[in-house]
Amino acid sequence: MSLAAIILALTLQPAPAVEPGAVPERALPYIHEAGGFALTLPAGWRYLPLEDGSGIALLHDTLDARIEAFAVAVEPSGVPGLPDDTLDALILRLDGPGFRRGAHVRVPLVVTGSSVSDRQQAGDVEALSYTGGDAGRRWTGVATTRCGADIMLTLEAEAEAFQAVQPVFDGVRASWGLLLAGGDEFPCGGR
């Protein structure tokens, strides 16, 4: 078998499944079908599913830092004439003490293939970046609303640890994509 054939065969292998509670030794692709998103799990961060099944949490073993990716059903904005699936309605849902709205950003829509690492970009959607802080903690994230869900990626950390973990979050954020057809709970036209 030629070297090129071996390399091709290795790249087509499905990524190993990550067990809850595991700490990957290398970055691994991950798809959360029910939440309708895909991302890369960073090396050295403990992976745990959220108890309600809405997403995942990544915990740093030595610093007080947490990355969460999740999707929750859209709550009505309660504003007549304001559709619930708009960024303006999302801003109202996210508004609160310590929340500062950032820029409008784009998040890729992705199509996944037969292996976890096989994905292609198929467009993008508008999202909102945000930052905040309260009582010695800081957070940053990206949120969007589509397919009847608010889909969020957030970093929350102790203020002293925030700068140390920000580059890891930036890497996860760069890998974060929404599944083109939504998820099991938020089908966006069905699968």
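The values are calculated or read from the model by the stated rules, or taken from the named source; none is laboratory data. Since we're looking at a predicted model, the values are computed, not measured. Virtual Cβ from ideal backbone geometry, glycine too; neighbours counted across all protein chains shown. Ligands, DNA and RNA are stripped out before the accessible areas are found, and what is left, the full protein with its side chains, is counted by its heavy atoms. Shrake-Rupley method; radii C 1.70, N 1.55, O 1.52, S 1.80 Å.
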When Arg46 is run through (1) modelled with pLDDT of 85 or more; (2) within 28 Å of Pro167 (Cβ to Cβ); (3) not in a strand (DSSP E or B), the failure sits at (3)
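The rows are residues; the columns are (1) outside any strand (DSSP E or B); (2) of a type in the set (Lys, Arg).
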| residue | (1), (2) |
| --- | --- |
| Leu92 | yes, no |
| Arg106 | no, yes |
| Tyr130 | no, no |
| Thr144 | no, no |
| Glu160 | yes, no |
Output the residues belonging to the range 114-131 that are surrounded by fewer than 14 Cβ atoms within 10 Å (Cβ to Cβ) and out of contact with any Leu (no Cβ under 8 Å at 6 or more places or on another chain). Ser114, Gln120
Within the range 135-144, tally of residues that are on the phi < 0 side of the Ramachandran plot and open to solvent by 20 Å² or more (accessible area, probe 1.4 Å): 3
Condition broken by Asp52, with the remaining ones in (1) touching a residue at least 12 places away in the same chain (Cβ under 8 Å); (2) part of a loop (DSSP other than H, G, I, E, B) satisfied: (1)
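For residues in the range 146-160 being touching a Lys or Arg at 6+ places or on another chain (Cβ under 9 Å) and over 21 Å from Leu28 (Cβ atoms), which is surrounded by the fewest Cβ atoms within 10 Å (Cβ to Cβ)? Before you say what the answer is, go through the steps one by one.
Initial filter on the range 146-160 (touching a Lys or Arg at 6+ places or on another chain (Cβ under 9 Å)): 150, 153-159.
Keeping just the survivors that are over 21 Å from Leu28 (Cβ atoms) gives 150, 156-159.
Values: Asp150: 21, Glu156: 20, Ala157: 23, Glu158: 15, Ala159: 13.
Residue satisfying both the conditions and the ranking: Ala159.
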Which residue out of Asp52, Asp84, Asp64 is within 18 Å of Glu126 (Cβ to Cβ) and open to solvent by 40 Å² or more (accessible area, probe 1.4 Å)? Asp84
Is at least one residue of the range 179-190 aromatic (Phe, Trp, Tyr) and either open to solvent by 50 Å² or more (accessible area, probe 1.4 Å) or within 19 Å of Ser129 (Cβ to Cβ) (or both)? no
Could you say which residue among Val111, Val79 is open to solvent by 30 Å² or more (accessible area, probe 1.4 Å), more than 17 Å from Leu39 (Cα to Cα) and either outside any helix (DSSP H, G or I) or charged (D, E, K, R) (or both)? Val79
